[in-house]
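**Student:** This is the structure, below, for whatever I ask next.
The values are calculated or read from the model by the stated rules, or taken from the named source; none is laboratory data. Since the model is a prediction, treat every value here as computed from it, not as a measurement. Virtual Cβ from ideal backbone geometry, glycine too; neighbours counted across all protein chains shown. Just so you know, the surface numbers come from the protein's heavy atoms only, side chains and all, with ligands and any DNA or RNA stripped out. Shrake-Rupley method; radii C 1.70, N 1.55, O 1.52, S 1.80 Å.
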Amino acid sequence: MAKHKSDEIRNVLFCGHGSSGKTTLIDALLTTTGTIKTQASVDAGTSICDFDDLEKHHKYSLEATMVHLKHQGKRLNLIDTPGYPDFIGQAIGAMYGVDTAVIVVNAQSGIEVNTRRVFAEAGKAGLGRIIALNKVDADNVDVATRIGELQELFGNACVPLNVPVGQGQDFKGVVSTLKVPDDTAGAVIDPKEISEPLMESIIEVDEQVTERYFEGEMPSAEELDRLIVEAIATGSLIPIVCVSGKTETGLKELLDALVQCGLPPGRVERTGKDKDGNEVKVGNEPDGPLVARVFRTRVDPFVQKMSYVRVFSGTLKKDDHLAATGVRKGVRISQPFDVQANDTEPVDEAGPGEIVVLTKMEDLHTGASLGDVELPPIKFPTPMVGLAVTPKSRGDEAKLSGALQKVVDEDPTLHVDRDSQTKELVMTGLSELHLQLVQERLKGRDKVEVETKEPKIPYRETI
């Protein structure tokens with residue numbers, strides 16, 4: 001039997017621009033809930049999410065990392081993603097393993113390049129969206145201005161679920177705009193002014209409740225919980241929550257929002273094609289046909305290839321023989337593992353909504369579907385920046401080829417090709433920084449140092 005029931009799970013991605021505080025937020029959520037007992041810090045190199053040596057060195061995320069915790073009886077699977085556009089592929093892939101995206105916005109610097117990008121990508125993936133306005137404790141913060149900017153760019157569906165009591169160094173807590181308390185002293189925005197538009201954004205998905213509301217009858221707590229999920233799923237509500245990962249102010253309210261507003265498995269409509277090429281709707285039943293997808297690949301120095309698999313329907317079990325995208329004879333499933341950052345624990349099976357890791361499945365790749373229903377491919381950005389690469393040490397050609405293949409398995413936005421005319425080995429990425437980090441990965445993990453140069457252009461004579 002699967003470890004967790006589908007309705008007890010929330011799969012949530014944290015994304016946003018670099019330095020918006022995504023990793024610090026998740027580390028703080030882990031410590032607040034007692035999931036981890038030690039203090040975690042990106043700057044100190046003790047972050048739970050940024051456990052990779054390169055991430056510790058650079059002090060920012062380079063890969064998507066999954067952790068989990070429990071709150072109000074729900075299992076929250078949280079995926080931390082890099083914030084710089086150079087590593088957007090990690091965020092895009094992970095979006096196809098979750099149901100809700102939390103777009104983290106730096107309250108000090110506001111909307112940035114990757115804020116817009118991940119907001120749009122989450123919409124394309126059909127995810128529910130929540131905006132976390134982080135670093136409300138920073139200097140020179142104006143929350144009202146930031147909320148206005150969010151509404152101007154992303155629409156009036158963006159409505160605060162709470163407002164801060166104080167801001168900057170005076171940030172002491174948050175006040176709910178859904179259930180406004182009697183005491184709202186210190187709130188930087190009057191929560192009563194937001195309560196009505198918030199309620200209207202929620203109830204507009206149900207005509208009967210809307211009619212009763214305008215006749216003076218408030219929806220019940222049960223109706224509100226149902227309608228909030230419906231409103232977020234349809235995009236009529238994008239709640240904004242105020243928080244500080246550094247001071248841990250507003251963390252409990254963020255956790256409550258993830259439980260209340262995070263879409264449960266099965267709520268995002270997904271379709272695929274069966275063996276005959278017919279389009280079918282993906283269900284959410286543990287006894288139904290298995291539908292799953294590899295949304296992330298990681299190569300660990302010890303356990304080698306790790307495939308992160310989200311189960312949408314059916315139950316995934318060890319030794320099952322399943323059809324897989326690009327594998328003619330199918331694959332036999334290895335031992336599934338539950339994952340907490342870089343730690344793993346074996347599990348018997350995985351049902352709808354669960355995310356597990358399969359190890360040493362060499363035929364699987366990021367985006368591959370498992371089962372008889374093939375899901376649409378994940379669309380990654382096309383790399384455009386190329387470098388010709390050769391090993392510094394003679395005799396390391398085969399070693400370099402194998403090391404590059406590992407990086408390509410992990411990163412769908414990196415391409416490696418041998419130019420048929422110039423005979424050069426060319427790696428192509430999203431930016432110079434992207435390719436620089438690949439070189440550091442080759443040196444640190446695989447002990448292969450390389451020399452790079454601009455690729456030759458095979459000019460041809462013509463009349």
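**Student:** Going down the table (Lys74/Lys275; Lys273/Lys360; Lys135/Lys379; Lys37/Lys246), which pairs top 25 Å between alpha carbons? Mind dumping the intermediate values first?
**Tutor:** Numbers: Lys74/Lys275 35 Å; Lys273/Lys360 27 Å; Lys135/Lys379 32 Å; Lys37/Lys246 17 Å.
Checking Cα-Cα distances, Lys74/Lys275; Lys273/Lys360; Lys135/Lys379 exceed 25 Å.
**Student:** What percentage of the solvent-accessible surface of the chain, computed with a 1.4 Å probe over protein heavy atoms, is contributed by carbon and sulfur atoms? Could you put the intermediate results ahead of the total?
**Tutor:** On the way: 9840 of 21150 Å².
Ligands and nucleic acids excluded, carbon and sulfur give 47 percent.
**Student:** Over the range 48-147, one equal point on each Cα, no solvent: what is log10 I(q)/I(0) by the Debye formula at q = 0.11 Å⁻¹?
**Tutor:** Debye curve over Cα of the range 48-147, log10 I(q)/I(0) at q = 0.11 Å⁻¹: -0.37.
**Student:** While we're on this one: In Å, what Rg and Dmax follow from the Cα atoms of the range 93-168?
**Tutor:** 12.8, 37
**Student:** Still on this structure, I have one more. When only DSSP loop residues count, what GluC sites (Glu not before Pro) in the range 207-310 have their Cβ near at most 11 other Cβ atoms within 10 Å? Write out the running numbers ahead of the final one.
**Tutor:** Working: sites: Glu207, Glu211, Glu215, Glu217, Glu222, Glu223, Glu230, Glu248, Glu253, Glu269, Glu279; in loops: Glu215, Glu217, Glu248, Glu269.
Loop-located and lightly packed - Glu215, Glu217, Glu269.
**Student:** While we're here: When the scattering of the range 1-109 is computed by the Debye formula from its Cα atoms alone, each counted once and equally, what is log10 I(q)/I(0) at q = 0.17, 0.18, 0.21, 0.23 Å⁻¹?
**Tutor:** -0.80, -0.89, -1.16, -1.33
**Student:** Let me ask something else. Taking Cα pairs under 8 Å and at least six residues apart, what relative contact order does the range 1-49 come out at, in percent? Write out the running numbers ahead of the final one.
**Tutor:** Numbers: 26 pairs, mean separation 13.2, N = 49.
Contact order relative to length: 27 percent.
**Student:** Once Rh for the range 314-463 is found with the Kirkwood sum over Cα pairs, what is the Stokes-Einstein diffusion coefficient at 10 °C and 1.306 mPa s, in µm²/s?
**Tutor:** Numbers: Rh = 18.1 Å.
Here the translational diffusion coefficient equals 88 µm²/s.
**Student:** Still on this model: What is the distance in Å between the Cα centroid of the range 233-290 and that of the range 399-436?
**Tutor:** Using only Cα atoms, the two centres lie 34 Å from each other.
**Student:** Using Cα pairs under 8 angstrom and six or more residues apart, how large is the relative contact order of the chain, in percent?
**Tutor:** Details: 1034 pairs, mean separation 67.6, N = 463.
Once normalised by length, the contact order is 15 percent.
**Student:** Could you pull the Rg and Dmax for the range 200-298, using just the Cα atoms, both in Å?
**Tutor:** Cα radius of gyration and Dmax of the range 200-298 are 18.3, 55 Å respectively.
**Student:** How many angstrom separate the Cα center of the range 179-194 from the Cα center of the range 129-164?
**Tutor:** 16
**Student:** Right, another one. Net charge near Val259, counting Lys/Arg +1 and Asp/Glu -1 over other residues with Cβ under 12 Å of its Cβ?
**Tutor:** Values: positive: Arg10, Lys70, Lys74, Arg75, Lys252; negative: Asp7, Glu8, Asp225, Glu253, Asp256.
Within the 12 Å Cβ shell, the charges total 0.
**Student:** Give the shape of the range 372-432 as rounded, prolate or oblate, defined through the alpha-carbon gyration tensor: a ≥ b ≥ c are the square roots of its eigenvalues, a/c under 1.5 means rounded, and otherwise the shape is prolate if a/b is larger than b/c and oblate if not. Mind dumping the intermediate values first?
**Tutor:** Values: a/c = 2.38, a/b = 1.75, b/c = 1.36.
Prolate, since a/c reaches 1.5 and a/b exceeds b/c.
**Student:** Sort the following peptides by mean Cβ neighbour count (other Cβ atoms within 10 Å, averaged over residues), highest first: 159-169, 342-352, 411-421. Don't skip to the answer; put the middle values down first.
**Tutor:** On the way: 159-169: 22.9, 342-352: 17.5, 411-421: 15.5.
Listed from highest to lowest mean packing, they are 159-169, 342-352, 411-421.
**Student:** Excluding ligands, DNA and RNA, what is the solvent-accessible area per residue of the range 60-187 at a probe of 1.4 Å, expressed in Å²?
**Tutor:** Numbers: 4350 Å² over 128 residues.
So the range 60-187 comes to 34 Å² accessible per residue, rounded to a whole number.
**Student:** How large is log10 I(q)/I(0) at q = 0.23, 0.30 Å⁻¹ when the Debye formula is applied to the Cα atoms of the range 264-310, each weighted equally and without solvent?
**Tutor:** Log10 I(q)/I(0), no solvent term: -0.90, -1.16.
**Student:** Now, a different point. Rank by packing, highest mean first: peptides 56-68, 102-114, with packing defined as the count of other Cβ atoms within 10 Å averaged across residues. Let's see the in-between values first.
**Tutor:** Numbers: 56-68: 19.8, 102-114: 21.9.
Highest to lowest by the protection proxy: 102-114, 56-68.
**Student:** With the cut-off at 1.5 for a/c, could you classify the chain from its C-alpha gyration tensor as rounded, prolate or oblate?
**Tutor:** Numbers: a/c = 1.90, a/b = 1.46, b/c = 1.30.
Prolate is the answer for the chain, as a/c is 1.5 or above and a/b outweighs b/c.
**Student:** Now a separate question. May I ask for the net charge around Thr297, where only other residues with Cβ less than 15 Å from the Cβ of Thr297 are counted and Lys, Arg are +1 while Asp, Glu are -1?
**Tutor:** +1
**Student:** Using only the alpha-carbon atoms, what does the range 253-397 span along each of its principal axes? Please give whole angstrom values in decreasing order.
**Tutor:** Answer, in whole Å and largest first: 55, 47, 35 Å.
**Student:** I've got another one for you. Name the shape class, rounded, prolate or oblate, that the alpha-carbon gyration tensor gives for the range 99-223, where a ≥ b ≥ c are the square roots of its eigenvalues, rounded holds for a/c under 1.5, and otherwise prolate holds if a/b is larger than b/c and oblate otherwise.
**Tutor:** Numbers: a/c = 2.42, a/b = 1.20, b/c = 2.01.
In terms of gyration-tensor shape, oblate.
**Student:** Using alpha carbon centroids, what distance separates the range 77-93 and the range 35-70, in Å?
**Tutor:** 14
**Student:** Could you tell me the relative contact order of the range 353-417? Use alpha-carbon pairs under 8 Å, at least six residues apart, and round to a whole percent.
**Tutor:** Relative contact order comes out at 33 percent.
**Student:** Translational diffusion coefficient of the range 339-416 at 4 °C, 1.567 mPa s, Stokes-Einstein with Kirkwood Rh over Cα pairs, in µm²/s as a whole number. Write down the numbers at each step before the final one.
**Tutor:** On the way: Rh = 16.1 Å.
It comes out at roughly 81 µm²/s.
**Student:** Mean residue ellipticity at 222 nm from the helices of the chain, using -39,500 (n - 2.57) per DSSP H segment of n ≥ 4 over the full residue count, to the nearest 500 deg cm²/dmol?
**Tutor:** Numbers: 11 runs with 124 residues, N = 463.
Value at 222 nm, helices only: -8000 deg cm²/dmol.
**Student:** Using the Kirkwood formula on the Cα atoms of the range 173-241, what hydrodynamic radius do you get, in angstrom to one decimal?
**Tutor:** Details: mean 1/r = 0.0783 Å⁻¹.
About 12.8 Å, per the Kirkwood formula over Cα pairs.
**Student:** Same structure again: Please turn the phi angles of the range 337-349 into ³J(HN,Hα) values with the Karplus equation 6.51 cos²θ - 1.76 cosθ + 1.60 (θ = phi - 60°), one per residue in order, whole Hz, x for glycine and proline.
**Tutor:** Residue by residue, the range 337-349 yields 10, 7, 10, 10, 6, 9, 9, 10, 9, x, 10, 6, 7 Hz.
**Student:** Got a sec to turn the phi values of the range 390-399 into Karplus ³J(HN,Hα) couplings, 6.51 cos²θ - 1.76 cosθ + 1.60 with θ = phi - 60°, whole Hz, x for Gly and Pro?
**Tutor:** 9, x, 5, 9, 5, x, 9, 4, 5, 5
**Student:** Using the Cα atoms of the range 126-198, I'd like the radius of gyration and the largest Cα-Cα distance, Dmax, both in angstrom.
**Tutor:** 12.3, 38
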